[in-house]
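Step one of this worksheet: look at the structure below.
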Amino acid sequence: MLRSLSDHPFVAQHRALVHKIGVTGGDVHARIAGAAHDATYLLADVEIVATYQLANIRRTRLENLLHRLFAPAQIELTLQDRFGHAVKPREWFLVPLAVIDQAVRAIEGGSVTRLRYDPASAALLPVD
């Protein structure tokens, strides 16, 4: 999980809640080395705020599951990349880190399918 150090007004105002949820098969530090030049990282440096070791689960499946769970809080942000093209990064969410951690624990425990994310309360709630 990454946090953006962007000076974009929305990101700066909500920095504690703006997180990139993604997975990588390699070294996280190597993956984010050029973050300030990559629209995927909001054209800014990022800080690593949490990492999780995966076992017996496909990376893309886990990432898709987390993205679906937090879809109501996905950030709609359009940036101009270094070539002037409009880019909409899709892996950024307005979610407290503690709630992301709670979701990871629910995945480990098998209870995530009984939960939904409620942006109004910034909490995981039981599915109705």
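Bear in mind that the values in this text are calculations on the coordinates, not laboratory data. In this text, all values refer to a predicted model and were calculated from it rather than measured experimentally. Glycine gets a Cβ as well: all are built from the backbone with ideal geometry, and neighbour counts include every protein chain shown.
General remarks:
- Taking 0.36 nm per residue of separation and subtracting the Cα-Cα distance, full extension of the segment from Asp45 to Asp7 would add 12.7 nm.
- Where the Cα pairs of the chain fall when distances are cut into 5 Å bins, in %: 2, 10, 21, 23, 20, 13, 7, 3, 1, 0
- Computed magnitude of the charge dipole of region 47-122 (debye, nearest 20; Cβ of K, R +1, Cβ of D, E -1): 320
- Taking Cα centre as origin and charging only the Cβ of basic (Lys, Arg, +1) and acidic (Asp, Glu, -1) residues, the dipole magnitude of region 1-53 rounds to 140 debye.
- Full-stretch length increase - Glu108, Arg68 - with 0.36 nm per residue and alpha-carbon distance subtracted: 12.8 nm
- Compared with the alpha-carbon gap, the fully stretched path from Ala122 to Ala55 is longer by 21.3 nm at 0.36 nm per residue.
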